[in-house]
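Step one of this worksheet: look at the structure below.
The values are calculated or read from the model by the stated rules, or taken from the named source; none is laboratory data. Quantities reported herein were computed from a predicted structural model and do not represent experimental measurements. Please note: Cβ atoms are built from the backbone with ideal geometry, for glycine as well, and neighbour counts cover all protein chains shown.
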């Protein structure tokens, strides 16, 4: 029988915040913005251990043919980032929750403040010393939340993040934020809205039948 969820962790920059619009604006259009963002993700996945996020962003901009000014604009726009409309559902959570995100501590705090929500904490890759999907960052977040991995829901905004959480022993969910995203395996629960996730948390973390 599955263990009943005692806490929830959320991917901040894709699960809760609409960072896609920020990347699109700084990149000039959706295609370039997503390619730039995905290149940063590839570098984080390959690195695993933390190296300065801002440097990864600048290097990835050059790799996809964007000027250095694009990175400056991205960081300037960070403080204008908006939450997804369904993120308001988190205010109704009865379980303790936290944010986990692949960026520097400074940028993580800006995004968390922009969410308008009140998590127990926001854990950045810089603080943890690892980038997701390294299992250590998920387990460190569970310790900070005070829940065992098997009793913790993790709500990802990207397939690789959901897969990483599942590999670390958490009950992984994927909230679909891009049309090209899908769950990497059948053991990951899928939602199209955080409303569904909050409802599932009231059932102990189980997806509806």
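Quick one: would you say residue 155 is modelled with pLDDT of 95 or more and in contact with a helix residue (DSSP H, G or I) (Cβ under 6 Å, 6 or more places away or on another chain)? Yes, satisfied. Of the listed requirements (1) closer than 28 Å to residue 28 by Cα; (2) buried (at least 18 other Cβ atoms within 10 Å of the Cβ); (3) without any contact (Cβ under 8 Å) to a residue 60 or more places away in the chain, residue 127 misses just one: (1). Collect the residues in region 84-105 that are closer than 13 Å to residue 118 by Cβ and in contact with a strand residue (DSSP E or B) (Cβ under 8 Å, 6 or more places away or on another chain), keeping them in residue-number order. Within region 84-105, 87, 90, 93, 96, 97, 98, 99 meet the criteria. Among residues that are at pLDDT below 95, surrounded by fewer than 18 Cβ atoms within 10 Å (Cβ to Cβ), in contact with a helix residue (DSSP H, G or I) (Cβ under 9 Å, 6 or more places away or on another chain) and outside the structural domain of residue 144 (by TED's automatic domain parsing), residue 68 is included. Evaluate region 74-81: report whether one residue or more is surrounded by 23 or more Cβ atoms within 10 Å (Cβ to Cβ), assigned to a helix (DSSP H, G or I) and either modelled with pLDDT of 95 or more or touching a strand residue (DSSP E or B) at 6+ places or on another chain (Cβ under 7 Å) (or both). Scanning region 74-81 turns up at least one residue that is surrounded by 23 or more Cβ atoms within 10 Å (Cβ to Cβ), assigned to a helix (DSSP H, G or I) and either modelled with pLDDT of 95 or more or touching a strand residue (DSSP E or B) at 6+ places or on another chain (Cβ under 7 Å) (or both). The lone criterion from (1) in contact with a strand residue (DSSP E or B) (Cβ under 9 Å, 6 or more places away or on another chain); (2) under 22 Å from residue 79 (Cα atoms); (3) surrounded by fewer than 23 Cβ atoms within 10 Å (Cβ to Cβ) left unmet by residue 183 is number (2). Can you confirm whether region 18-34 contains a residue that is in contact (Cβ under 8 Å) with a residue 40 or more places away in the chain, under 13 Å from the mean Cα position of the chain (by Cα), in a helix (DSSP H, G or I) and under 30 Å from residue 202 (Cα atoms)? Taking every residue of region 18-34 in turn, at least one turns out to be in contact (Cβ under 8 Å) with a residue 40 or more places away in the chain, under 13 Å from the mean Cα position of the chain (by Cα), in a helix (DSSP H, G or I) and under 30 Å from residue 202 (Cα atoms).
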